[in-house]
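The values are calculated or read from the model by the stated rules, or taken from the named source; none is laboratory data. Remember, it's a predicted structure, so these values are computed and weren't measured experimentally. Cβ sites come from the backbone with ideal geometry, for glycine too, and all protein chains shown count toward neighbours. Keep in mind that these areas ignore ligands, DNA and RNA; they rest on the heavy atoms of the full protein, side chains included. Shrake-Rupley method; radii C 1.70, N 1.55, O 1.52, S 1.80 Å.
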Amino acid sequence: MSEIAVQTSGLTKKFGDFVAVDQVSIDVKRGEIFGFLGANGAGKTTMIRMLCGLLKPTSGEGKVTGLDLYAESERIKQKIGYMSQKFSLYNDLTLSENIDFYGGIYGLNPTDIEFKKNQLLADLQLTPWRDKLTGTLPPGFKQGLALGTAMLHDPSIVFLDEPTSGVDPSSRRAFWDVIYQTASRGITVFVTTHFMDEAEYCHRISIMSTGKIIALDRPDNLREKYKLPTIQSVFVHLMRQASTH
Amino acid sequence: MKRILQMMQKEFRQIFRDRPMMGIIFIVPLVQLLILAFAITTDVKHIKMSVVDFDKSAISREIINAFSQTERFDIKDFTQDLHRIDNDMRSWKTQIALVIPAGFSKDMQRGAKPQIHISADGVDGNTAGIALGYAQAILVKYGLENNSPDVSLTRRISLHIVNMVERMWYNLELDSQQFMVPGIVVVLLTIIPMMLSAMSLVKEKEIGTLEQLMVTPLRKHQLLLGKIIPFLILSYLELAIVMTVAILLFNIAMNGSYLLLASLSFLYLITTIGLGIFISTFTHTQQQAMFVAWFFMVFMIIMSGFFIPIDNMPGSLQAFTYLNPMRFFMAIIRDIFQKGSGLSYLSRDSAMMTFYGIIIITLAVFKFRKRVS
Ligand SMILES: Nc1ncnc2c1ncn2[C@@H]1O[C@H](COP(=O)(O)OP(=O)(O)OP(=O)(O)O)[C@@H](O)[C@H]1O
Ligand SMILES: [Mg+2]
């Protein structure tokens, strides 16, 4: 197992003439919580979609878990978990049916699925909801369930695209606890967010603006470098700088 | 294989849990069948008729009298002006015109071939066809009542309405339900599979689950088969229900082979499900998909000969119908029901339909990507 989970160099995505992701080069280590910050339309989702094999890059190189983005995108899919910006479980299936379905799609056998299902529902304290329709679940619980489901097949990386948007603060903290546990098991977490307080929890963050990475470091290093008290203020400072250029 | 079964199980669970969808699949078709079958196809009465009598003889008056005595025809106008009939037809004032040429009675007495012209407004082709049939029946009877040994009258008239004769051959009671109900079966096997597949895929696109499926190892063919197979099964269920109602309630005669009907339906369902998938590849919301599917549907139904017989269309439009896979299936189903035709008689239509089926499903599968756009 390679120690580098994600590696890109000069990764670029154009939609027509518009450059959504511009020459992005990053290295993400195994077990790292890697945060992706940026204003609306900065290119975060586009970046994640390329890494998950949902979008074909226009140019540049990329490897995920040591597998090539172009040639081995189907093999990458077995090794990654993905939570899109939208809630992606079926509201008209029960919690149990959703877990059975995704587990089956990942090729797990029924006994494994049953075991993992019980464990996941117990962890999330959702056992009584097991046979209720997923649509009836309060929003705070949905995120945890979606993450758990995206990780049924024990991926080595999970990509989370704004997993906590529209979630109340206490559920957000609970969700970040899960992210920490995940990372401590050696699973790489690649996460985008709008919340600056969440950025502080990441091992490293990259700040993106109009497709380019304009800063990439540990949160404490960034604060020190710009002599500002919070990532929030660093972000505002960088955005102002970017817009005057 | 396991993954396809997983998809199918999920698909069935969702469809059976979706009340409005169940309604669309099972209730709407029956309502449609009942309404269409009763509304369009009950006996045609009080057809507005114009009469032009250039002959003005005892025989011509007798013929006109025969028409005025039945409640099938209402004589609205006597005229000597043929242009007026044309105008009246355009303005819906008359539906059928009876023209008795000068010299008709003389011809008849001489034993030469007398001619009567009947022209019907072909816009409502179904009514026109039925009206022509009634007119012919009256003229035949008139000829017989007169004990005329000269059958040329009927033969002449037959020659003028060749289409009608061909159709009456297989639909002797002139019961248009026999003609319309099989057509409705075709319409349903077009709408339901196309809507189901388009809506189901676009819905997954809309709520984001399609994107989620695309990052799993589920292959494209597994995803598509997992959708197509349940829709096929549902469509067959639908076909069985509608046919049962048609045969038991409407006494529709099914003269052909059920196996042939089922096999050719399979080819057609591949086409309509393919269209649905195709629509889902370039639409982003359920409304858009619904709109596009509706557009396809209207085009296909109008150009299929369901309401307006293709022979009644202008030539350029007729050529256009060859682009419509439904046209072929419409002909096939009506032939199987009414004439009990076997595959050898249907081979040309079947070949055309298969040709479109292959093109459409290939295009759909090709355009459907395991990537987001
Ligand atoms: N399929 C597409 N075709 C054309 N333009 C696109 C497409 N997808 C994204 N874009 C554009 O690329 C830019 C980056 O979009 P992206 O979704 O990656 O941003 P983001 O950082 O995730 O923003 P947000 O915070 O709103 O989620 C946007 O300007 C968007 O309009
Ligand atoms: Mg985004």
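Within the stretch A:29-57, the set of residues being within 12 Å of ligand 1 (Cβ to nearest atom), away from chain B (no Cβ under 13 Å) and surrounded by fewer than 22 Cβ atoms within 10 Å (Cβ to Cβ) comprises A:A39, A:N40, A:G41. Applying the criterion of being away from chain B (no Cβ under 14 Å) and within 16 Å of ligand 1 (Cβ to nearest atom) to the residues of the stretch A:3-13, the residue that is farthest from A:I157 (Cα to Cα) is A:T12.
Being open to solvent by 10 Å² or more (accessible area, probe 1.4 Å), of a type outside the set (D, E) and either within 16 Å of ligand 1 (Cβ to nearest atom) or over 27 Å from A:V236 (Cβ atoms) (or both) is a property that A:F18 has. Exactly one residue among B:S91, B:S60, B:S105 is out of contact with any Gly (no Cβ under 9 Å at 6 or more places or on another chain) and modelled with pLDDT of 85 or more, and that residue is B:S60. Cβ-Cβ distances below 7 Å connect no pair with a first residue in the stretch B:265-293 that is free of Cβ contacts under 8 Å to residues at least 12 places away in the same chain, a second residue that is surrounded by fewer than 24 Cβ atoms within 10 Å (Cβ to Cβ), and a separation of six or more residues or different chains. B:H221 meets the conditions (1) touching a Lys or Arg at 6+ places or on another chain (Cβ under 8 Å); (2) open to solvent by 30 Å² or more (accessible area, probe 1.4 Å); (3) within 14 Å of chain A (Cβ to nearest Cβ) in every case but one. The failed one is (1).
Being free of Cβ contacts under 8 Å to residues at least 24 places away in the same chain and more than 14 Å from ligand 2 (Cβ to nearest atom) is a property that A:L67 has. Looking at the stretch B:199-222, can you tell me whether even one residue there is among the acidic types (D, E) and either out of contact with any helix residue (DSSP H, G or I) (no Cβ under 9 Å at 6 or more places or on another chain) or within 18 Å of A:A150 (Cβ to Cβ) (or both)? Looking for residues that are among the acidic types (D, E) and either out of contact with any helix residue (DSSP H, G or I) (no Cβ under 9 Å at 6 or more places or on another chain) or within 18 Å of A:A150 (Cβ to Cβ) (or both), one finds at least one in the stretch B:199-222, hence yes.
A:E200 fulfils the conditions (1) closer than 25 Å to A:T45 by Cα; (2) in contact with a helix residue (DSSP H, G or I) (Cβ under 7 Å, 6 or more places away or on another chain); (3) buried (at least 17 other Cβ atoms within 10 Å of the Cβ) except for a single criterion, (3).
Annotation note: of A:F101, A:F87, the sole residue that is touching a Lys or Arg at 6+ places or on another chain (Cβ under 7 Å), open to solvent by 10 Å² or more (accessible area, probe 1.4 Å), at the interface with chain B (Cβ under 10 Å from one of its Cβ atoms) and among the hydrophobic types (A, V, I, L, M, F, W, C) is A:F87. Suppose the filter is among the basic types (K, R), within 16 Å of ligand 1 (Cβ to nearest atom) and either out of contact with any helix residue (DSSP H, G or I) (no Cβ under 8 Å at 6 or more places or on another chain) or open to solvent by 10 Å² or more (accessible area, probe 1.4 Å) (or both); does A:K212 pass it? Criteria met by A:K212.
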